[in-house]
1. Computing the accessible area with a 1.4 Å probe over protein heavy atoms, can you report the carbon and sulfur percentage for the range 81-228?
2. Output the peptides 161-174, 324-337 sorted from most to least packed, where packing is the average of other Cβ atoms within 10 Å over each peptide's residues.
3. Once amide H atoms are placed 1.01 Å from N in the peptide plane, what residues at a sequence separation of 5 or more from Ile134, or on another chain, have their amide H within under 5 Å of its amide H?
4. With every protein chain kept in the model, how would you rank Met37, Met104 by accessible area, 1.4 Å probe, largest at the top?
5. With each label point set 7 Å from Cα along the Cα-Cβ vector, what nm distance links Asp158 and Thr40?
6. If only Cα atoms are counted, what is the Rg of the range 260-312, and what is its Dmax, in Å?
7. Where the Cα atoms of the range 24-110 are projected onto their three principal axes, how long is each span, largest first, in whole Å?
8. For the pair Glu259/Phe57, report the inter-label distance in nm, with labels modelled 7 Å from Cα in the Cβ direction.
Amino acid sequence: MRKKSDIQIKIFKGSHKEMGAQQGRACVDIIKHSHSMLATSPELKAIKPFFLPTGLFLKLAKMKMWGDFAAGIKKDSPRQHARLEGIAEGAGEGMKHMIFLQSMEIEMAKTHFIGGACSAAAVASERSASGEPIIIKNFDYPEFFSPTHLVRMDVPSDGYRVLAATNAPLAGSHDSINEHGLSITYNYGYGQDASSNSVPMTMALQDTLEKCKTTAEAIVFLRKSKYNGCALWMICDAQGDLRSVEISKTMVDERKPKEGVIAHTNHYLTERLAKVDVPPSAVYSRTNVPALRGKRCRESSEVRLARLEELLSKQQKFSEEDLIRIFSDHGADGIGSDNTVCRHSDYFCTTLSVILYPASKKFKVLYGHPCEYEYAEFAF
């Protein structure tokens, strides 16, 4: 028997700065707590030189991230920069700290911090028992980030309404649907090409949903955007145009469903982007967190994708219950691990899961493991 999800949605309205100020006030406690979360995180301990005091290291890191990202975000994502100013104001924080928190998304996806995180799948309308397309995704991340989870509805004065799963300090979002049904989920990618841009992928995703109605529009918008980061986006619109979009720092490519079903984890499958992917033999180094050192970087991603494709190949039509069962899967031996679709490990765990219905514009979400909790439903 799964437990009920007790998720309270926050609704923010107005200009981007006004929505940010509302978010900052609503999430002030967790944003304030982010200082101590950073100072004690295993990621910081892994990269901090042993001779530097933690406070000094963080101060220097924030100065560097400010120089690397602040001006670029303001120039290339002005709406989300304004929102970030509002979050800082509402939470009583400085912009250097807020820029630093946004930059962690990019820094944690670098080679020595590869976020082998998240699994996603989608079925087109012809393979869905309900007759409409469905996207489902498990958000896998270090568990100590879980208190920052936030479900919000944005009602901007100059853009489309968005239902979003995000984190309290973020201007952007990672799994969202807009009022027209355009739905996007975001998995980390491993791309090794370089970018001089500054906009985190969560901000690029939020901008896309505030401005686009269809999958085709979203891909065109993304190709023109200036972002920094690597990702695999699952995109579908209300008309059922479903794609897996692979994004490196310099390229965008896409895959369409095969026989109405598609899945991805964290490594690229298109020919062009596979050339800039982390090599299959690469292992986590000693500069990574202790739980990952010595493991092959792509192991979990490859095993999870193979298991998803195996399970998705076993039936013709999929109900929501079928997809939940697949995303609660603990492998052939029934024991949850770092390599199972529903992840249970000392580091990466499934800490949130979403189901998106683009045609009926429904958004379902749970905090924790889908094997343990029920989804809460929200709609426009």
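The values are calculated or read from the model by the stated rules, or taken from the named source; none is laboratory data. Everything quoted here is computed from the prediction, not taken from an experiment. A quick note on method: Cβ atoms are made from the backbone with ideal geometry, for glycine too, and the neighbour counts reach across all protein chains shown. Protein only, heavy atoms only, side chains kept; ligands, DNA and RNA dropped before computing areas. Shrake-Rupley method; radii C 1.70, N 1.55, O 1.52, S 1.80 Å.
1. It is 53 percent, rounded to a whole number.
2. 161-174, 324-337
3. So Ile134 has HN proximity to Val123.
4. Met104, Met37
5. 4.2
6. Spelled out, the Cα radius of gyration and Dmax of the range 260-312 are 12.9, 42 Å.
7. Cα spread of the range 24-110 along its principal axes, largest to smallest: 39, 28, 21 Å.
8. Inter-label distance under the simple model: 5.1 nm.
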